[in-house]
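The values are calculated or read from the model by the stated rules, or taken from the named source; none is laboratory data. Values in this document were obtained by computation on a predicted structure and should not be read as measured data. Glycine also receives a Cβ, built like all others from the backbone with ideal geometry; neighbour counts cover every protein chain displayed. Note: accessible area is taken over every heavy atom of the protein model, side chains too, but ligands, DNA and RNA are not part of it. Shrake-Rupley method; radii C 1.70, N 1.55, O 1.52, S 1.80 Å.
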Amino acid sequence: EFQYRVDGDWGGLPDGWALNDVAGIAVDAQDNVYVFNRGAHPMIVFDRDGVFLRAWGEGLFTSAHGLHIGPDANLYCTDNGDHTVRKCTPEGEVLLTIGIPGRSAPYMGGEPFNGCTHTALSPRGDIYIADGYGNARVHKYDPAGRPSSAWGAPGCGPGEFNIVHNIVTDADGWVYV
């Protein structure tokens with residue numbers, strides 16, 4: 001019963017701007033659209049009609065990858081090139097950084113992070129981070145960003161991962177990888 005059509009005019013940008021390699025999109029409770037991309041302006045925000053509102057993140061992100069909006073309207077921006085997750089306000093103020101900017105953990109060593117890819121929040125506010133390009137783990141943090149636990153190893157058997165990529169939780173707290 002739903003029908004969709006391409007709207008080539010949606011998402012007007014300032015003159016000279018471009019969206020390069022969009023890695024994540026999220027929509028907030030006001031229907032604002034956050035576009036996390038690998039261009040000169042990593043976070044570009046539009047209203048529901050595609051009117052440009054603002055941009056931020058210049059000089060902050062290395063390689064945009066995953067984007068999640070929490071129930072408090074803050075954004076969890078996963079940067080696989082910088083090996084970090086940053087919790088930011090909708091205006092771009094960084095509230096929390098998980099990981100050490102510019103420093104990757106040893107390849108498949110199990111420690112956070114080596115090419116982290118996506119972030120999800122549990123109903124209790126726990127932070128789950130998929131660490132998949134250079135690792136094979138899921139890392140769990142408490143709402144304040146303190147490490148809690150981790151699981152996974154390279155491989156294709158039970159408890160093993162081959163590129164942990166996206167992650168989400170449901171209303172009951174189940175984690176889907």
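Mind checking which residues of region 154-174 are part of a strand (DSSP E or B) and either of a type in the set (Asp, Glu) or open to solvent by 40 Å² or more (accessible area, probe 1.4 Å) (or both)? Outline the logic, then answer.
Taking region 154-174 as the starting set, the residues that turn out to be part of a strand (DSSP E or B) are 154, 160-161, 168-169.
Within region 154-174, Pro154, Glu160, Phe161, Val168 meet the criteria.
Within region 112-127, take every residue that is out of contact with any Phe, Trp or Tyr (no Cβ under 8 Å at 6 or more places or on another chain) and more than 25 Å from Glu58 (Cα to Cα) and give me the one that is surrounded by the most Cβ atoms within 10 Å (Cβ to Cβ).
Gly125
Could you please let me know if Leu60 is part of a loop (DSSP other than H, G, I, E, B) and either in contact with an Asp or Glu (Cβ under 6 Å, 6 or more places away or on another chain) or more than 29 Å from Pro154 (Cα to Cα) (or both)?
On the way: part of a loop (DSSP other than H, G, I, E, B): yes; either in contact with an Asp or Glu (Cβ under 6 Å, 6 or more places away or on another chain) or more than 29 Å from Pro154 (Cα to Cα) (or both): yes.
Yes; evaluated as a whole, the condition is true for this residue.
Kindly indicate the residue of region 1-53 that is without any contact (Cβ under 8 Å) to a residue 12 or more places away in the chain and among the acidic types (Asp, Glu) and also least open to solvent (accessible area, probe 1.4 Å) among those meeting that condition.
So, considering only residues that are without any contact (Cβ under 8 Å) to a residue 12 or more places away in the chain and among the acidic types (Asp, Glu), the one least open to solvent (accessible area, probe 1.4 Å) is Asp15.
May I ask you to say which residue of Gly109, Gly70 is among the small types (Gly, Ala, Ser), within 14 Å of the chain's Cα centre (by Cα) and either within 26 Å of Phe46 (Cα to Cα) or loosely packed, with under 15 Cβ neighbours inside 10 Å (or both)? First the steps, then the outcome.
Numbers: Gly109 fails: within 14 Å of the chain's Cα centre (by Cα).
Being among the small types (Gly, Ala, Ser), within 14 Å of the chain's Cα centre (by Cα) and either within 26 Å of Phe46 (Cα to Cα) or loosely packed, with under 15 Cβ neighbours inside 10 Å (or both) holds for just one of Gly109, Gly70, which is Gly70.
Anything in region 81-101 that is open to solvent by less than 60 Å² (accessible area, probe 1.4 Å) and in a loop (DSSP other than H, G, I, E, B)? List them, or say none.
Hits for region 81-101 are Gly81, Asp82, His83, Thr89, Pro90, Gly92, Gly99.
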